[in-house]
Amino acid sequence: MVTLMRRLLAVLRDPVAWILVIAGVVELISGGTAARGAILFAGAALIMADRIRGALVRVRVNHGGPSAGGAVAVMTAPPLSPEPLKAAVESRRWVVGGIAAVLVAALFGVHTLPLTAVTGIVGVVAVGWAWLTHPHVDAVERPPLRGLWIWGGALLVLGLWELGALLLQPNMAEGSYDHPTISYLLDPVLATYGGRVAGLGLWAFAGRTLVRRA
Amino acid sequence: MSSRLITLLGYGVLACGGVTLGVAAHRGTSTIPTFDTLVRWALRTRSGRIGVFAAWAWMGLHFLG
């Protein structure tokens, strides 16, 4: 029991979960919609669920416990293979379907219900897929620590610069001409159909690339 | 120099820095990993996968949704 508790408490040490929680809080206090905050909190919750799943599996293996039922059985079920979706996104049918979906979805303005629904549903499915499938089995060598620090530092500076612009706005929900955030700068571009096609296309392409790499 | 120009210059410098890092990473002898290598490395664990996909989903919702 003590071992299980210690493993469950280890959940709190996962930096990725904390990054998602902090980002979710910033999103909500900056006037973001509930959906935007929810996807970040859901990610953090799934990471914690995954740690709990790992702890439960280890306890079952170590103690040879009886077969669990209900939620525990779902939690400890072996992860699915990522290969079917990886193969699917490579197919011409998915590429053509994706392009058609982008062209149709871009007919709707940003921050409207249809686009929120499209990006929200696709995002939730992708995060759920990442949780349900096992990571790729081929070993990935850790990049040099110096390189990790350099990339991490660059992303951190970008985040802080964006946060500075956000805090210098008249209020959290109102953009500032003098201190523009990236989304404030992109809004005029995304107000046009071509801009939305480009934005949605890039987002979809990035998602496809992530699935192929995962 | 106006506040707007300073803010935009900051984004410009960061964008140039990102491009420079990317170019440096593609040199064979560099200790800086490419962004692709970084993403692959992050995706090797389940918490990394969930974090990367949640960040990607958030970007879609933040800028478009």
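The values are calculated or read from the model by the stated rules, or taken from the named source; none is laboratory data. The structure displayed is predicted, hence computed values, not measured ones. Glycine also receives a Cβ, built like all others from the backbone with ideal geometry; neighbour counts cover every protein chain displayed.
Suppose we filter B:10, B:22, B:17, B:60 for residues that are on the phi < 0 side of the Ramachandran plot, in contact with a Ser or Thr (Cβ under 6 Å, 6 or more places away or on another chain) and part of a helix (DSSP H, G or I); which single one remains? It would help to see each step written out before you state the result.
Working: B:10 fails: in contact with a Ser or Thr (Cβ under 6 Å, 6 or more places away or on another chain); B:22 fails: in contact with a Ser or Thr (Cβ under 6 Å, 6 or more places away or on another chain); B:17 fails: in contact with a Ser or Thr (Cβ under 6 Å, 6 or more places away or on another chain).
None of the other options fit; the residue is B:60.
Does residue B:7 count as more than 18 Å from residue A:158 (Cβ to Cβ), at the interface with another protein chain (Cβ under 7 Å from one of its Cβ atoms) and either touching a helix residue (DSSP H, G or I) at 6+ places or on another chain (Cβ under 6 Å) or of a type outside the set (Phe, Trp, Tyr) (or both)? Break it down stepwise before answering.
On the way: more than 18 Å from residue A:158 (Cβ to Cβ): no; at the interface with another protein chain (Cβ under 7 Å from one of its Cβ atoms): yes; either touching a helix residue (DSSP H, G or I) at 6+ places or on another chain (Cβ under 6 Å) or of a type outside the set (Phe, Trp, Tyr) (or both): yes.
Spelling it out, it is not the case that residue B:7 is more than 18 Å from residue A:158 (Cβ to Cβ), at the interface with another protein chain (Cβ under 7 Å from one of its Cβ atoms) and either touching a helix residue (DSSP H, G or I) at 6+ places or on another chain (Cβ under 6 Å) or of a type outside the set (Phe, Trp, Tyr) (or both).
Results for (1) modelled with pLDDT under 95; (2) among the basic types (Lys, Arg); (3) buried (at least 21 other Cβ atoms within 10 Å of the Cβ); (4) in contact with a strand residue (DSSP E or B) (Cβ under 8 Å, 6 or more places away or on another chain), shown as yes or no for each residue.
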| residue | (1), (2), (3), (4) |
| --- | --- |
| B:2 | yes, no, no, no |
| B:9 | no, no, no, no |
| B:24 | yes, no, no, no |
| B:33 | yes, no, yes, no |
| B:65 | yes, no, yes, no |
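With A:147, A:159, A:152 as the choices, which residue is of a type outside the set (Val, Ile, Thr) and closer than 15 Å to residue B:62 by Cα? Explain how you work it out, then say what you get.
Numbers: A:147 fails: closer than 15 Å to residue B:62 by Cα; A:152 fails: closer than 15 Å to residue B:62 by Cα.
Only one candidate qualifies: A:159.
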Would you please name the residue that is surrounded by the fewest Cβ atoms within 10 Å (Cβ to Cβ), looking only at residues in the stretch B:35-51 that are part of a helix (DSSP H, G or I) and among the basic types (Lys, Arg)?
B:40
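Is it the case that the stretch A:59-81 has a residue that's modelled with pLDDT of 75 or more and either in a helix (DSSP H, G or I) or surrounded by 14 or more Cβ atoms within 10 Å (Cβ to Cβ) (or both)? Can you show your working first?
From the stretch A:59-81, those modelled with pLDDT of 75 or more are A:79-81; that's our starting set.
Filter once more, keeping what is either in a helix (DSSP H, G or I) or surrounded by 14 or more Cβ atoms within 10 Å (Cβ to Cβ) (or both): none.
No, the stretch A:59-81 contains no residue that is modelled with pLDDT of 75 or more and either in a helix (DSSP H, G or I) or surrounded by 14 or more Cβ atoms within 10 Å (Cβ to Cβ) (or both).
Looking at A:150, A:121, which one is at pLDDT below 95, hydrophobic (A, V, I, L, M, F, W, C) and within 25 Å of residue B:22 (Cβ to Cβ)? Full working, then the answer.
Working: A:121 fails: within 25 Å of residue B:22 (Cβ to Cβ).
None of the others qualify; the one that does is A:150.
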Within the stretch B:18-29, is even one residue facing chain A (nearest Cβ under 7 Å) and among the polar types (S, T, N, Q)?
no
